[in-house]
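Colleague: My questions will all concern the structure given below.
The values are calculated or read from the model by the stated rules, or taken from the named source; none is laboratory data. In this text, all values refer to a predicted model and were calculated from it rather than measured experimentally. Ideal geometry is used to build each Cβ from the backbone, glycine not excepted, and the neighbour counts take in all protein chains shown. All accessible areas refer to the heavy atoms of the entire protein, side chains included, with ligands and DNA or RNA removed. Shrake-Rupley method; radii C 1.70, N 1.55, O 1.52, S 1.80 Å.
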Amino acid sequence: MRIAITGSTGLIGTALARSLGTDGHEVVRLVRRPVRTADEVEWDPLRQRVDAHRLNGCEAVVHLAGAGIGDRRWTEAYKKELRDSRILGTAAIAEAVATLDQPPRVLVCGSAIGFYGDTGDRKVDESAPPGDGFLPSLCVDWEEAARPAEEAGVRTVFARTGLVVARGGGSWGRLFPLFRAGLGGRLGSGRQYWSFVALHDEVAALRHLIDTEALEGPVNLTAPEPVTNREITAAMGRVLHRATPFPVPAVALRVVLGELSAEVLGSQRVLPTRLLESGFRFAFPTIEEAIGAA
């Protein structure tokens, strides 16, 4: 199968491209520079330009590109970058796909469980409405930007991903060094739920979305049992054989992170209902298994 990927140098994109290539699939990478090899396609997400004809023959397009949610403090300028990188990039891909003489049979668009906002202790799945605030609003517009592909008849799936447990990058990648150094601890009260997914399961789930014709629309990519930050802290300590004596007060997070602290201290208890109903099985369903596999 010939599969195009945006964001192929990121944490998830790199792992997905490696997995597909290992199994003999042809991976086409969208790059924001002049192409150097036959397996590359040039695009400019902010100017909404894609060398679309080079996507002909791709059976699937997986769109993962976007500025990192937790990479920087949320200034107004960075919030604009977060929105533009996702909404303009998604619109560019969806419109390119819609114009192809040989469109792919599926477009898998990255999204996030930020769609649901702060759910507290309440369990939510794909049937829940969007929450309030910056991230829910961003996710709604992000998914809406893919409408040209949907209207062209391309099966479109929104992979609403949780916190990916991995040592090599992402938000969790910044936790591992702290815990290994014995500096890890709960954040705020520790009672907030974190909906996580092992990187291995994230990649397997994306491949499941590509292959499962019955799936379209939103699908949560999170492990079956969300856990609290306090439980995660204890699991990190057990797996890494380190004490976790240093809680970080909520007020300190607000000072350091600003508006982003609301996401760290907020609670999201998200369930992968549609993924499980479609027959997907997690290799690392518990938090200790996910940490051990990272």
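Colleague: Might you check whether a residue that is modelled with pLDDT of 90 or more, touching an Asp or Glu at 6+ places or on another chain (Cβ under 9 Å) and open to solvent by 10 Å² or more (accessible area, probe 1.4 Å) occurs anywhere in the range 170-191?
Modeller: Yes, some residue in the range 170-191 is modelled with pLDDT of 90 or more, touching an Asp or Glu at 6+ places or on another chain (Cβ under 9 Å) and open to solvent by 10 Å² or more (accessible area, probe 1.4 Å).
Colleague: If I filter the range 41-51 for residues that are acidic (Asp, Glu), open to solvent by less than 60 Å² (accessible area, probe 1.4 Å) and in a loop (DSSP other than H, G, I, E, B), do I get at least one hit?
Modeller: Initial filter on the range 41-51 (acidic (Asp, Glu)): 42, 44, 51.
Then keep just the ones that are open to solvent by less than 60 Å² (accessible area, probe 1.4 Å); that gives 44, 51.
So of that shortlist, the ones also in a loop (DSSP other than H, G, I, E, B) come out as 51.
Looking for residues that are acidic (Asp, Glu), open to solvent by less than 60 Å² (accessible area, probe 1.4 Å) and in a loop (DSSP other than H, G, I, E, B), one finds at least one in the range 41-51, hence yes.
Colleague: Return the residues of the range 9-24 that are within 22 Å of Ala94 (Cβ to Cβ) and open to solvent by 10 Å² or more (accessible area, probe 1.4 Å); say none if nothing qualifies. I'd like the intermediate steps shown before the answer.
Modeller: Quick first cut of the range 9-24, residues within 22 Å of Ala94 (Cβ to Cβ) only: 9-10, 12-13, 16-17, 20.
Listed by number, the residues that qualify are Thr9, Gly10, Ile12.
Colleague: Scan the range 158-169 and tell me whether some residue there is buried (at least 21 other Cβ atoms within 10 Å of the Cβ), in a loop (DSSP other than H, G, I, E, B) and modelled with pLDDT under 90. Steps first, please.
Modeller: Taking the range 158-169 as the starting set, the residues that turn out to be buried (at least 21 other Cβ atoms within 10 Å of the Cβ) are 158-166.
Of the ones still in play, those that are also in a loop (DSSP other than H, G, I, E, B) are 162, 166.
Restricting the remaining residues to those that are modelled with pLDDT under 90 gives none.
Taking every residue of the range 158-169 in turn, none turns out to be buried (at least 21 other Cβ atoms within 10 Å of the Cβ), in a loop (DSSP other than H, G, I, E, B) and modelled with pLDDT under 90.
Colleague: Can you give me the number of residues within the range 217-226 that are open to solvent by less than 20 Å² (accessible area, probe 1.4 Å) and on the phi < 0 side of the Ramachandran plot? Lay out the reasoning, then the answer.
Modeller: Restricting attention to the range 217-226, the residues satisfying the condition of being open to solvent by less than 20 Å² (accessible area, probe 1.4 Å) are 217, 219-223, 226.
Narrowing the set further to residues that are on the phi < 0 side of the Ramachandran plot leaves 219-223, 226.
Residues flagged as open to solvent by less than 20 Å² (accessible area, probe 1.4 Å) and on the phi < 0 side of the Ramachandran plot within the range 217-226 amount to 6.
Colleague: Which condition does Val197 not pass, out of (1) part of a helix (DSSP H, G or I); (2) surrounded by 24 or more Cβ atoms within 10 Å (Cβ to Cβ), if it passes all the others?
Modeller: Condition (1) is where Val197 drops out.
For every residue, the table says whether it meets (1) within 19 Å of Leu100 (Cα to Cα); (2) among the small types (Gly, Ala, Ser); (3) free of Cβ contacts under 8 Å to residues at least 60 places away in the same chain.
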residue: Gly13; (1), (2), (3): no, yes, yes
residue: Leu20; (1), (2), (3): no, no, no
residue: Thr37; (1), (2), (3): no, no, yes
residue: Arg49; (1), (2), (3): yes, no, yes
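Colleague: Identify, from the list Ala243, Ala205, Ala235, the residue that is in a helix (DSSP H, G or I), among the small types (Gly, Ala, Ser) and more than 18 Å from the chain's Cα centre (by Cα). Walk me through it before giving the result.
Modeller: On the way: Ala243 fails: in a helix (DSSP H, G or I); Ala205 fails: more than 18 Å from the chain's Cα centre (by Cα).
Ala235 is the lone residue from the list that is in a helix (DSSP H, G or I), among the small types (Gly, Ala, Ser) and more than 18 Å from the chain's Cα centre (by Cα).
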